[in-house]
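**Student:** This is the structure I have questions about; it appears just below.
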Amino acid sequence: MRKALRWLLAFTVLIGTLSAAGAATAADASGGQDIKDRLLSIPGMSLIQEKPYPGYRYFVLNFTQPVDHRHPSAGTFQQRITVLHKDVSRPTVFYTSGYNVSTTPSRREPTQIVDGNQVSLEYRYFTPSRPAPADWSKLDIWQAASDQHRVFEALKPLYSKNWLATGGSKGGMTATYYERFYPRDMDGVVAYVAPNDVVNNEDSAYDRFFASVGTRECRDKLNAVQREALVRREPLEQKYAAYAAENGYTFTTIGSLDRAYEAVVLDYVWGFWQYSLLADCDKIPANAATASDDQIWNSIDEISGFSAYADQGLETYTPYYYQAGTQLGAPTIHFPHIEKQYIRYGYQPPRNFVPREIPMRFQPWAMRDVDTWVRHNARHMLFVYGQNDPWGSERFRVDKGAKDSYVFTAPGLNHGANVAGLLPAQKDLATARILQWAGVQQDTAQAKPLAKFDSRLDVRDIEREPALRP
């Protein structure tokens, strides 16, 4: 849920402008109308920006959405979307991160596999896609799924071929919730590293994960640094106070610098396994007891981020923490390697990360409903997890009643697990199913990505967020 996603925060999309190096089709077969004109003829659609990219048109757009889909007359807001347009004759991938949308052209793995168009959606209540004033009771998984449904209905007449929904982490959750509420929209779903916290107050799966992940040597090094940061709380908090003063950080929402410090430190081990690989253990101080204060500080800051629980770090993610405390649930883990006298607060609940003037009430039935539906009704759904990603400890599963649906685990990978990282047989099967669901290839023996790899479109860091945020 945490570490300021300063690394990444930059999502949206939709750009255009032909490039001589291989421009996408600007007009379609129906009268030769330009794709931008067709997009802007959709009621409620307006252009923010068009950007050039070879072989595509890319647009950043606003789309008018009801604040409350149950009562459309009760007000509207502008929701950002991006469109990476290749050709109306190609399938379309509907992507959301579950957070902000990037306005830099990029291509998700399923988009490369099917060589298609990509529509990307900013999640409601992430600025600027936030109603004003904000009625936070209208931020829930059904309202967000209904946002996607309206965008799909608006664009389907233009992009009439098959559609796939995808997303990673909270975006994978979002794609799954969309399928649960609107199962007739998509032809398939590819959900990456999607947590599934069915029973919010039962989190023993995470404790079991941290007791066995990686190697004993690596676990011991990480645990020692985490413990040492709490043993040296006084001098390191003095350093934290100076750091906060220098950067103008405040701690009104969480309550104090002391609470923020402990929250950052307790995220450390989780954050390492979420974003790092086993080989990265070589970068961890070998002997925490003899390491300098700067070495301990730098290791914690690099992985957890000391800005994460300042008001300025929390503000961007208020919508996530609100959802974690009302529907999604949040992990609670224990620290058997740290004596009780060093832990004052433990893993703090999402309520502590949302301004008090925003009311919150947890709905325990929300995730149970989705989990039950997926287990028994999933159709054309693929879930991909990383072996060493803590978020995979509580995951989606498919049971009897599910059709043509799969749950695969990429060995040794973290929160960036993908189809390319699966074992060969699973990789081939997953690629074949994605191509077939997209309606572009039936020959499973030739299941390979249809688009050539593009180092600008297809290479990206893991979507880094605060460590304990999916």
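Please treat every number below as a calculation from the coordinates, not as lab data. Keep in mind that this is a model prediction, so the values were computed, not measured. Using ideal geometry, Cβ is built from the backbone for each residue, glycine included, and neighbour counts are taken over all protein chains shown.
**Student:** Could you calculate the contour length gain from Lys283 to Glu315, that is, 0.36 nm times the residue separation minus the distance between their Cα atoms, to one decimal place in nm? Show your work: numbers first, answer last.
**Tutor:** Numbers: separation 32, 0.36 × 32 = 11.52 nm, distance 3.06 nm.
My answer for the length gained is 8.5 nm.
**Student:** Rounded to a whole number, what is D in µm²/s for the range 240-352 from Stokes-Einstein with the Kirkwood radius over alpha-carbon pairs (25 °C, 0.890 mPa s)? Please list the in-between numbers first.
**Tutor:** On the way: Rh = 15.4 Å.
The estimated diffusion coefficient comes to 160 µm²/s.
**Student:** Efficiency by 1/(1 + (r/R0)^6): what FRET value for Ser212 and Asp135, r their Cβ-Cβ distance, R0 = 45 Å, to the nearest 0.05?
**Tutor:** According to the calculation, E is roughly 0.55.
**Student:** Let me understand the range 377-470 better: what is its radius of gyration from the alpha carbons, and its Dmax, in angstrom?
**Tutor:** Both quantities, over Cα of the range 377-470: 14.5, 42 Å.
**Student:** In nm, to one decimal, how far is the Tyr345 label point from the Leu423 one, both placed 7 Å along Cα→Cβ?
**Tutor:** 4.3 nm
**Student:** Percent relative contact order of the range 299-452, based on C-alpha pairs within less than 8 angstrom and at least six residues apart?
**Tutor:** Details: 173 pairs, mean separation 22.6, N = 154.
Relative contact order here is 15 percent.
**Student:** Now for a different question. Which is the longest run of the chain containing none of the GluC sites (Glu not before Pro) found in DSSP loop states (not H, G, I, E, B) with at most 11 other C-beta atoms within 10 Å?
**Tutor:** It runs 1-201.
**Student:** Still on this structure, please answer the following. Could you state the per residue volume, in Å³, of the convex hull enclosing the Cα atoms of the chain?
**Tutor:** Numbers: hull volume 69.6 nm³, N = 470.
In the chain, the Cα convex hull volume per residue is 148 Å³.
**Student:** Given the options Leu236, Leu164, Asn247, identify the residue whose Cα lies farthest towards the positive end of the charge dipole of the range 124-247 (+1 on Cβ of Lys, Arg; -1 on Cβ of Asp, Glu).
**Tutor:** Final value for the positive-end residue is Leu164.
**Student:** Order of 387-393, 439-445 by packing, highest average Cβ count within 10 Å first? If you can, show how the numbers build up before the last one.
**Tutor:** Details: 387-393: 23.9, 439-445: 12.3.
Packing proxy ranking, top to bottom: 387-393, 439-445.
**Student:** What's log10 of I(q)/I(0) for the range 71-139 at q = 0.14, 0.23 Å⁻¹, Debye sum over Cα points only, no solvent?
**Tutor:** Rounded to two decimals, the profile gives -0.51, -0.94.
**Student:** Given Cα pairs under 8 Å that are at least 6 residues apart, what percent is the relative contact order of the chain? Write out the running numbers ahead of the final one.
**Tutor:** On the way: 1009 pairs, mean separation 90.0, N = 470.
RCO, the chain: 19 percent.
**Student:** While we're looking at this one, here's another question. Tell me the angle of helix 233-247 to the major Cα principal axis of the chain, expressed in degrees between 0 and 90 and rounded to the nearest ten.
**Tutor:** Orientation of helix 233-247: about 40 degrees from the principal axis.
**Student:** Next question, about the same structure. Applying 1/(1 + (r/R0)^6) with R0 = 51 Å to the Cβ-Cβ distance of Val199 and Thr444, what FRET efficiency is obtained, to the nearest 0.05? If you can, show how the numbers build up before the last one.
**Tutor:** Numbers: r = 38 Å, r/R0 = 0.74.
Working from the Cβ atoms, E equals 0.85.
**Student:** Quick one: grab Rg to one decimal and Dmax as a whole number for the range 310-383, Cα atoms only, in Å.
**Tutor:** For the range 310-383, the Cα radius of gyration and maximum Cα-Cα distance read 16.4, 50 Å.
**Student:** So who's got an amide H within less than 5 Å of the one on Arg395, skipping anything under 5 residues away but keeping other chains? H placed 1.01 Å off N, in plane.
**Tutor:** Residues meeting the criterion, in which the H sits 1.01 Å from N, are Asn196.
**Student:** Cα-based Rg of the range 362-424 per 2.2 N^0.38 Å, rounded to two decimals? Could you put the intermediate results ahead of the total?
**Tutor:** Values: Rg = 12.9 Å, N = 63, 2.2 N^0.38 = 10.6 Å.
Working it through for the range 362-424, the quotient is 1.21.
**Student:** What full-extension length gain, to one decimal in nm, is calculated for His376 and Ser256 as 0.36 nm per residue of separation minus the Cα-Cα distance? Intermediate values should be presented prior to the final figure.
**Tutor:** Details: separation 120, 0.36 × 120 = 43.20 nm, distance 4.54 nm.
Fully extending the segment from His376 to Ser256 adds 38.7 nm.
**Student:** Here are some pairs, Lys36/Lys156; Lys36/Lys170; Lys138/Lys170; Lys170/Lys400; Lys400/Lys448; which of them have Cα atoms lying more than 20 Å apart in this structure?
**Tutor:** On the way: Lys36/Lys156 15 Å; Lys36/Lys170 30 Å; Lys138/Lys170 18 Å; Lys170/Lys400 26 Å; Lys400/Lys448 29 Å.
Correct reply: Lys36/Lys170; Lys170/Lys400; Lys400/Lys448.
**Student:** Can you list the HN-Hα couplings for the range 387-399, worked out from phi with the Karplus curve (6.51, -1.76, 1.60; θ = phi - 60°), rounded to whole Hz and with x for Gly and Pro?
**Tutor:** With coefficients 6.51, -1.76 and 1.60, one gets 4, 9, 9, x, 5, x, 5, 10, 10, 6, 9, 10, 10 Hz.
**Student:** Hey, could you pull the Cα Rg and Dmax for the range 237-287, both in Å?
**Tutor:** 13.9, 38
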